[in-house]
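Heads up: the structure comes next, in structure tokens.
Only the coordinates and a few stated rules stand behind these numbers; no lab work does. Predicted model only: the values in this text are computed from it and were never measured. In this analysis, Cβ positions are derived from the backbone assuming ideal geometry, glycine residues included, and neighbour counts consider all displayed protein chains.
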Amino acid sequence: MDWYTILEFARGPLFKVAWLVFIGGMTYRLARVIFLTWKKDKVPSSGSKLNGVAKSYLKGFLVWPFVPWVKRTFSKNMVTYLAGGLFHLGLLVVLILGTPHMLAWKSLLGFGWPTLPLPITDWLAAVAIVAMVALLINRLVNPVMKLITGPAEWLNWTLVFLPMISGYLMTHHLINPYEKAFSLHMLTVDLLLIWIPLSRISHFMFYFFSRTVQGIYFGKRGVNP
Amino acid sequence: MPKETVYEHLQKEGVSRRDFLKMCGMLAGVMGLGQLPALEDGRLPPDLHPVTTRQVARALETKPRIPVIWLEFQDCAGCSEALTRSQSPTLVNLVMNVISVEYHETLTAAAGFQTEANKEAVMEKYRGQYLLVVEGSIPTGDNGAYCTIGGRSALDLLTEAAQGAAAVVATGNCASFGGLPKAKPNPTSAKGVWEIITDKPVLNIPGCPAIPEVFTGTLAHYIVFGALPELDSLNRPLTFYGNTIHDRCLRRPFYEAGKFAGSFDDEGARNGWCLYKLGCKGPTTYNACAVMKWDQGLSFPVQSGHPCLGCSEPNFWDGGGFYQGQSAPLSRPEATAVGAAVAAGAVAGAAASAIGRSKNKKQANEPAKDED
């Protein structure tokens, strides 16, 4: 079997299955949380719930990532804070504002958007990859991280790292031929899509969920989140 | 083999020595030979002996013309057209003089059983020596009933002609990989030559059509060296199919700079920016278009503003939309499939939660256990 056939498989039927598993799996995860036993809210709110949610989002997006000293993560483990932040920034920008990725979204969603030039996304990709390596080393040497790192964490790291590194090598033509690099990238992406609902990488969805719920609670009690 | 050498034949045709040497130089150029720095022979590593015009000339002076049988099956004759109407007449003339086309349905003046009888005579006379050139895919469904010539199926004709051939050259995407006839749903079960002929060397020169200079260059290589050129994993000559269109594209700097044409008439298109967003398949397409170009090096699709379709790659008709970005997945899940996945996930999640809740209730009703 040549790489061209593998690429056709990875971009075709395998991607389709992976995407459906991803969507079905994430809906399952969400349903599990939504159908938890919610207690009826009998206590009158002492503040605005909507206000609480808005504050919770604003702080989460604007304050904590850029004003590190308000969170203890920064003082306790600076690597996790900085590398973790840079990794998320790089990943999101490349995934949404990288031209090839936008075209993939466009074909799935039916609409596209302007993208960033390659040199910018390329640097962010490099930063995200270096951050991933820093996070790995941190897990290997930091005593607390060592304690809370199990097989699932190693697998998470590997399955996220593979599409990133293969995409970077593909962009720079460091794996030849191109279709081999493309195939490896697509295969690892497919693998990651299937793995996300089974793992804690699904936090990208629950982040918004928990931020909303916490915001409601904080708003109800009239305290600052 | 015909007794007279290529040079003798050319002399008879009125080609002067000077023109002959010019042609040899052109051939060496097309084959990408003689590009080594001018060093003394002794200082070159033994595997890097420069093959130059002189060597090409010597080969053509001493070797007889190669008989060629040209079969056309599920094709449009576009590869023949491209070759015969190529704007580099001297080169094509040379190759047409170097080979002796004994049978070609479109080009042969005669027709009917006499032509077929002639083909059989040629096959017998030059058994094991002739080159078989195939244009068009071979339908294998329903015993090959979808393409017959003189009452015989393409499959039958191909296997018969391949038996006595020295090598088989598949020209164009159809003969190489099935091309358009093989596009989904492939009603005739069309196949490329190399899927059928496995006991002879099969050389693929894909393209839609194959670039005439690539075809002639490959044949010239066979004549000069008496052997087939080095091939890639898809049996394409590496000399011509060693680089992607993207690698040699004149719009490549715009790709790197992230400057893309978003439509065929926007500012980007007018400025000659990269056509990646318009579906260019250049990054995965191996061919010599960007270097040799067409019409005497005038232009090639990407240069004239159209994205590469990937016509020298297998299954290019099914490789996603021609105008859809290459990074887009080949098959998208249908809305119904997505809906079904969401519904299945939601139902399974709700059910699992319900089971969990009833379990919790049961546990709550049972006498409390100590929990750590």
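Using only Cα atoms, locate the centre of the stretch A:1-76 and the centre of the stretch A:147-164, then give the distance between them in Å, rounded to an integer. One Cα centre to the other: 18 Å. The distance separating the Cα centre of the stretch B:2-16 from that of the stretch B:211-276 comes to 35 Å.
What's the local net charge at A:PRO117, with K and R +1, D and E -1, over the other residues with C-beta under 11 Å away? Mind showing how you got there, number by number?
Working: positive: B:LYS259; negative: A:ASP122, B:GLU256.
Charge balance near A:PRO117 sits at -1.
Shape analysis of the protein assembly as shown based on the Cα gyration tensor places the equivalent ellipsoid semi-axes at 63, 28, 20 Å, largest first. When A:MET78, A:MET186 are arranged by Cβ crowding within 10 Å, least crowded first, meaning fewest neighbours, the order is A:MET78, A:MET186. Mark the label point 7 Å from the Cα of A:ILE201 along Cα→Cβ and return the residues of the stretch A:127-159 whose backbone N is within less than 11 Å of it. Residues A:155-159 qualify, since their backbone N sits under 11 Å from the label point.
Within the same chain, lysines fewer than 8 places from A:LYS76 are excluded, and of the rest, those with a Cα less than 30 Å from its Cα are A:LYS55, A:LYS59, A:LYS146.
May I ask you to derive the relative contact order of chain A, considering only C-alpha pairs under 8 Å and at least 6 residues apart, and to give it as an integer percent? Please report the intermediate quantities before stating the final value.
Values: 223 pairs, mean separation 88.2, N = 225.
Relative contact order comes out at 39 percent.
Here the label points at A:TYR57 and B:ASP318, each 7 Å from Cα along the C-beta direction, are separated by 4.5 nm in the simple model. Highest GNM mean-square fluctuation among A:GLY84, A:GLY150, A:GLY110, for chain A modelled with Cα contacts below 10 Å: A:GLY110.
Per residue, the convex hull spanned by the Cα atoms of chain A amounts to 163 cubic angstrom.
Taking a ≥ b ≥ c as the square roots of the eigenvalues of the alpha-carbon gyration tensor, chain B is classed prolate because a/c is 1.5 or more and a/b outweighs b/c. Exceedance of the 26 Å cut-off in Cα-Cα distance is limited, within the set A:LYS39/B:LYS359; B:LYS3/B:LYS293; A:LYS49/A:LYS71; A:LYS16/B:LYS182; B:LYS22/B:LYS125, to B:LYS3/B:LYS293; B:LYS22/B:LYS125. Between B:SER304, B:SER16, B:SER353, the GNM of chain B built on Cα springs shorter than 10 angstrom shows B:SER353 fluctuating the most.
How high is the relative contact order of the stretch B:66-241, in percent, counting Cα pairs under 8 Å that sit 6 or more residues apart?
Result for the stretch B:66-241 is 23 percent.
Span-like helix criteria (full DSSP H runs; alpha carbon extent of at least 15 Å along the helix axis; mean Kyte-Doolittle hydropathy of at least -1.0) are satisfied in chain B by B:17-30, B:212-225, B:335-365.
Give the order of B:HIS221, B:HIS104 when sorted by the count of other beta carbons within 10 angstrom, beginning with the fewest. Walk me through the numbers before you get to the answer.
On the way: B:HIS221 25, B:HIS104 19.
If I rank by nearby Cβ atoms, fewest first, I get B:HIS104, B:HIS221.
Mean residue ellipticity, 222 nm, helices only, the protein assembly as shown: the sum of -39500 (n - 2.57) across DSSP H runs of n ≥ 4, divided by residue count and rounded to 500, is -16000 deg cm²/dmol.
Please rank B:ASP199, A:ASP190, fewest neighbouring Cβ atoms within 10 Å first, as an exposure proxy.
Details: B:ASP199 8, A:ASP190 24.
Listing B:ASP199, A:ASP190 from fewest to most nearby Cβ atoms yields B:ASP199, A:ASP190.
Cysteines without a disulfide-compatible partner in chain B, using Cβ under 4.7 Å as the rule? Among the cysteines of chain B, those whose Cβ sits 4.7 Å or more from every other are B:CYS24, B:CYS76, B:CYS79, B:CYS147, B:CYS174, B:CYS249, B:CYS274, B:CYS280, B:CYS289, B:CYS308.
What longest region of chain B stays clear of trypsin sites (Lys or Arg not before Pro) that DSSP places outside H, G, I, E and B and that have at most 11 other Cβ atoms within 10 Å? Formally, the longest exposed-site-free interval is B:86-368.
Considering only the other residues whose Cβ falls under 13 Å of the Cβ of B:VAL56, what net charge follows from Lys and Arg at +1 and Asp and Glu at -1?
Taking every Cβ under 13 Å from that of B:VAL56, the sum is +3.
From the Cα gyration tensor of the stretch A:10-79, with a ≥ b ≥ c the square roots of its eigenvalues, which class applies: rounded if a/c is under 1.5, or else prolate if a/b is larger than b/c, or else oblate?
Oblate shape, in that a/c is at least 1.5 and b/c is the bigger or equal ratio.
The coefficient of translational diffusion for the stretch B:242-287, derived via Stokes-Einstein from the alpha carbon Kirkwood radius under 10 °C and 1.306 mPa s, stands at 150 µm²/s.
Taking chain A as a Gaussian network, Cα atoms linked when under 10 Å apart, which of A:PHE74, A:PHE182, A:PHE161 shows the biggest mean-square fluctuation? Highest fluctuation of the listed residues: A:PHE74. With the charge dipole of chain B set up from +1 on Lys and Arg Cβ and -1 on Asp and Glu Cβ about the Cα centre, the Cα lying farthest toward the positive end among the listed residues B:THR198, B:ALA227, B:PRO212 is that of B:PRO212. The mean sequence distance of close C-alpha pairs (under 8 Å, at least 6 residues apart), as a share of the length of chain B, puts its relative contact order at 13 percent.
Take the alpha carbon gyration tensor of the stretch B:66-241, find the square roots of its eigenvalues, order them as a ≥ b ≥ c, and report rounded if a/c is under 1.5; if not, report prolate when a/b exceeds b/c, else oblate. Rounded is the answer for the stretch B:66-241, as its axis ratio a/c remains below 1.5.
Net charge near B:THR140: determine it from the other residues with C-beta under 10 Å of the C-beta of B:THR140, scoring Lys and Arg +1 and Asp and Glu -1. The partial results should precede the final answer.
Working: positive: B:LYS191; negative: B:ASP142, B:GLU195.
It works out to a net charge of -1.
Of the Cα atoms belonging to the stretch B:167-269, the radius of gyration and Dmax stand at 17.4, 53 Å.
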